[in-house]
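Some notes on the structure that comes next.
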Amino acid sequence: MSKVVVVGGGGYVGCVLVEELLALGFSVRVVDRMFYGREPARGFLDRVELVDADMRDFDESHVADARRSSIWVDSPTTPPRSSTQRPIMS
């Protein structure tokens, strides 16, 4: 079974992504500060390894054992402040 680390797996997009990865048979480690609480992730918390941490204060020990044997996924989110202050114009 392949291992996947999902940064931001407790947010809206991350929760959907984690559920899909679990359904596909991946072993999942979620790194999230759980800002919105554990309720959004209640459907899978018993099936993942949760690292309750803020990635802004990244500590290598949170992921050291997973670094070589995992696929890394950063939940695709943009902080609202940066998207309104510096909008991308196409």
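For M34, the criteria (1) modelled with pLDDT of 85 or more; (2) more than 13 Å from the chain's Cα centre (by Cα) hold in every case but one, which is (2).
When S75, S27 are checked against the criterion of being at pLDDT 90 or above and in contact with an Asp or Glu (Cβ under 9 Å, 6 or more places away or on another chain), a single residue qualifies: S27. The residues listed here are A66, A41; of these, the one that is among the hydrophobic types (A, V, I, L, M, F, W, C) and at pLDDT 65 or above is A41.
For the range 1-17, filtering for residues that are more than 8 Å from the chain's Cα centre (by Cα) and within 15 Å of E49 (Cβ to Cβ) leaves 4. If you scan the range 3-18, which residues turn out to be assigned to a strand (DSSP E or B) and under 12 Å from V31 (Cα atoms)? Within the range 3-18, V4, V5, V6, V7 qualify.
Assess whether D52 counts as being at pLDDT 60 or above, surrounded by 11 or more Cβ atoms within 10 Å (Cβ to Cβ) and acidic (D, E). So that I can check it myself, show each step before the final result.
Numbers: at pLDDT 60 or above: yes; surrounded by 11 or more Cβ atoms within 10 Å (Cβ to Cβ): yes; acidic (D, E): yes.
So D52 fits the description; yes.
The values are calculated or read from the model by the stated rules, or taken from the named source; none is laboratory data. None of these values were measured; they are calculated from a predicted model. Ideal geometry is used to build each Cβ from the backbone, glycine not excepted, and the neighbour counts take in all protein chains shown.
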